[in-house]
Amino acid sequence: MANAVSFGDEALIALDTISDRAGGLLNPSLRLGVTGLSRAGKTVFITSLVHNLIHGGRLPLFEAQASQRITRANLQPQPDDGVPRFAYEDHIRAIVEGRNWPDSTRAISQLRLKIDFESASAWSRIFSGGTLNLDIVDYPGEWLLDLPLLSKSYRDFCAEALNLAKSDSRAKVSKHLVKLTEKTDPHAEASESTALELTKVFTEYLRECRRDDLALSTLPPGRFLMPGDMEGSPALTFAPLEIAKGQPRPNSKSLYAMMERRYEAYKTLVVKPFFREHITRLDRQIVLIDAMHAINAGSEALADLQRALSEVMMVFRTGTSNPISAFWRRRIDRILIAATKADHLHHTSHNQLEGIVRSVVDKAMKEARFSGAQVSTIAMAAVRSTREAEMRDGAETLPVVVGTPSRGEMVGGETFDGATETAVFPGDLPHTASELFSSSLKPGNHRFVKFRPPNLEVTADGLTLSLPHIRLDKALEFLVGDRLA
Ligand code: GDP
């Protein structure tokens with residue numbers, strides 16, 4: 001296995017740890033990582049969490065809020081000057097004023113929420129003065145899935161990436177990539193134009209895997225889909241090459257050697273700093289998953305989601321078999337895996353969705369031989385865009401959800417204008433774990449409509465209520481409740 005951490009890394013970590021600890025004594029803080037693959041709901045989750053805390057939203061399962069011990073919550077300048085700020089104000093304006101969903105996460109960003117509270121314990125009252133700085137760190141899950149690369153050579157990466165590309169579930173979208181790699185000679189002289197063409201085709205293939213009907217999740221290298229500020233750099237201009245068994249190693253001027261150098265640069269310049277500077281400083285983590293999207297795409301997509309989750313669990317696993325174990329400065333002690341967008345389902349299906357997530361997570365944890373943090377699962381909606389009703393279908397009464405489909409959404413052959421409400425019966429979720437993972441889980445069994453965010457309710461005395469949600473309070477209780485005790 002390649003050595004993932006150098007002496008220089010350890011010295012840097014020691015220095016950062018001392019300054020983190022000194023700061024933590026004066027200002028108790030909790031660093032909450034929010035991740036998930038693109039479109040999982042990170043931006044919406046953070047925006048709703050902040051809005052509900054600042055405006056005293058209805059959070060009956062979040063004890064500190066329910067017992068009115070939170071005296072004030074407000075935004076403060078964030079501690080890390082080099083990280084972009086999470087654009088809370090733009091996002092909340094989009095949701096509340098425009099009833100539009102905000103722009104999604106494209107890179108890392110951060111926000112500090114200062115929570116003043118009356119502690120239930122005398123000890124905390126003396127030492128922390130009843131203040132907690134909640135540092136929320138939003139980052140693409142795609143970047144997290146790069147961890148396995150740290151212990152993989154370029155040769156291993158090529159073999160795995162191309163094997164996966166040739167697998168049944170990906171064959172539809174990988175034809176071009178497979179053909180191109182077959183006709184590219186790794187021994188040929190290094191050429192920038194060939195590298196660029198291969199990268200383009202490889203990136204297109206990765207993007208295609210995320211198409212709605214496939215919904216495949218496991219796709220390193222993560223920056224190819226979410227480049228952040230590294231777009232176009234040589235470290236992001238490489239692709240897998242096919243090297244036949246028994247062939248001699250290509251020389252140092254070859255295309256292969258060029259790709260190998262860039263792959264190593266990607267690990268050194270992109271992957272390692274990201275883990276060292278951001279992931280290893282987290283205290284808690286929420287991983288958002290769009291389970292319904294995967295269920296709707298069928299058993300292949302669900303198995304792929306489980307594989308992605310197992311790689312996520314490997315990142316947070318304790319022990320020396322983890323290539324970043326020497327990086328950790330704090331120990332993540334709680335991880336919440338949350339299925340988002342539960343407002344697409346009637347509440348009678350919420351526990352079933354939670355059960356499905358639990359089965360997927362249990363399998364993922366077993367595969368990752370996970371140990372360490374306490375892991376919990378939940379089905380939630382950070383923003384509830386529907387209300388519930390019942391509809392008669394002959395002698396049957398169906399539980400439905402009612403909302404305003406976004407402009408252009410099609411339901412039952414009708415195209416919606418973004419202003420008209422409709423009722424949707426989302427279909428039954430699979431009941432058992434075996435049904436879930438068997439090939440009988442066919443694509444397109446469910447109807448998940450994209451609804452617009454809700455109109456906020458106004459009380460009799462003119463007060464606009466906070467964003468409605470499903471179980472956001474339960475998520476908050478697990479993630480921060482004990483730190484406000
Ligand atoms: P990100 O890429 O993880 O930041 O994803 P976003 O937070 O931008 O969410 C992607 C899309 O999912 C949004 O544009 C919404 O259409 C949908 N979405 C996210 N959260 C919710 C939710 O709580 N309820 C509903 N109905 N839709 C949501």
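Side notes on the structure shown:
- Rg of the Cα atoms in the stretch 48-187, relative to 2.2 N^0.38 Å, amounts to 1.63.
- Averaged per residue, the chain has 45 square angstrom of accessible surface, using a 1.4 angstrom probe with ligands and nucleic acids left out.
- Lys, Arg +1 and Asp, Glu -1 on Cβ, resulting dipole of the chain about Cα centre, debye, nearest 20: 900 debye
- Cα-based equivalent ellipsoid of the stretch 276-416: semi-axis lengths in Å, sorted from largest, via gyration tensor: 36, 15, 14
- ³J(HN,Hα), Karplus 6.51/-1.76/1.60, whole Hz, each residue of the stretch 226-232, x for Gly, Pro: 10, x, x, 8, 9, 3, x
- Percent accessible area from carbon and sulfur atoms, the stretch 334-468, protein chains only, probe 1.4 Å: 48 percent
- Over the stretch 330-485: Kirkwood hydrodynamic radius from C-alpha pairwise inverse distances, Å: 18.0 Å
- Among the listed pairs K114/K267; K152/K474; K42/K272, a Cα-Cα separation exceeding 28 Å is found for K114/K267; K152/K474.
- Average projected area [Cα convex hull, the chain], square nanometres: 25.8 nm²
The values are calculated or read from the model by the stated rules, or taken from the named source; none is laboratory data. None of these values were measured; they are calculated from a predicted model. Note that each Cβ is placed from the backbone with ideal geometry, even for glycine, and that neighbours are counted across all protein chains shown. Note: accessible area is taken over every heavy atom of the protein model, side chains too, but ligands, DNA and RNA are not part of it. Shrake-Rupley method; radii C 1.70, N 1.55, O 1.52, S 1.80 Å.
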